[in-house]
1. For I28, are the conditions met, namely being touching a helix residue (DSSP H, G or I) at 6+ places or on another chain (Cβ under 6 Å), free of Cβ contacts under 8 Å to residues at least 60 places away in the same chain and not polar (S, T, N, Q)?
2. Got a number for residues in the range 36-55 being surrounded by 11 or more Cβ atoms within 10 Å (Cβ to Cβ) and either under 18 Å from A7 (Cβ atoms) or among the hydrophobic types (A, V, I, L, M, F, W, C) (or both)?
3. Condition first: of a type outside the set (D, E), surrounded by 11 or more Cβ atoms within 10 Å (Cβ to Cβ) and out of contact with any Leu (no Cβ under 7 Å at 6 or more places or on another chain). Now tell me which residues in the range 17-28 satisfy that.
Amino acid sequence: MQQITLAKASRNLADLIEAALSGEEIIIIKDNQPVVKLIPVSPVKRPRQPGSAKGLITISDDFDAPLEEFKEYME
């Protein structure tokens, strides 16, 4: 964990961002008090893409046929 003053952080922001992206935790302090923690944001998930599973699922021809156990109720 690295602590840095607000003034130094504003001068070295690009370097601090690179450090945070590589896993380092950066704490920015003002008046000797921690005020900001610089950490990387989790990657954004891609939106769902319709049809991406096409061809992966099959349904048997008799899927909607009555079950043997229920034939007596269907008559």
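1. Numbers: touching a helix residue (DSSP H, G or I) at 6+ places or on another chain (Cβ under 6 Å): yes; free of Cβ contacts under 8 Å to residues at least 60 places away in the same chain: yes; not polar (S, T, N, Q): yes.
For I28, the condition - touching a helix residue (DSSP H, G or I) at 6+ places or on another chain (Cβ under 6 Å), free of Cβ contacts under 8 Å to residues at least 60 places away in the same chain and not polar (S, T, N, Q) - is met.
2. 4
3. Answer for the range 17-28, where residues must be of a type outside the set (D, E), surrounded by 11 or more Cβ atoms within 10 Å (Cβ to Cβ) and out of contact with any Leu (no Cβ under 7 Å at 6 or more places or on another chain): I17, A19, L21, I27.
Let's see how each residue does on (1) modelled with pLDDT of 95 or more; (2) not in a helix (DSSP H, G or I); (3) not hydroxyl-bearing (S, T, Y):
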site: Q3; (1), (2), (3): no, yes, yes
site: A9; (1), (2), (3): no, no, yes
site: A19; (1), (2), (3): no, no, yes
site: G23; (1), (2), (3): no, yes, yes
site: S42; (1), (2), (3): no, yes, no
site: P47; (1), (2), (3): no, yes, yes
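The values are calculated or read from the model by the stated rules, or taken from the named source; none is laboratory data. Note that the structure is predicted; figures quoted are calculated from it, not measured. Please note: Cβ atoms are built from the backbone with ideal geometry, for glycine as well, and neighbour counts cover all protein chains shown.
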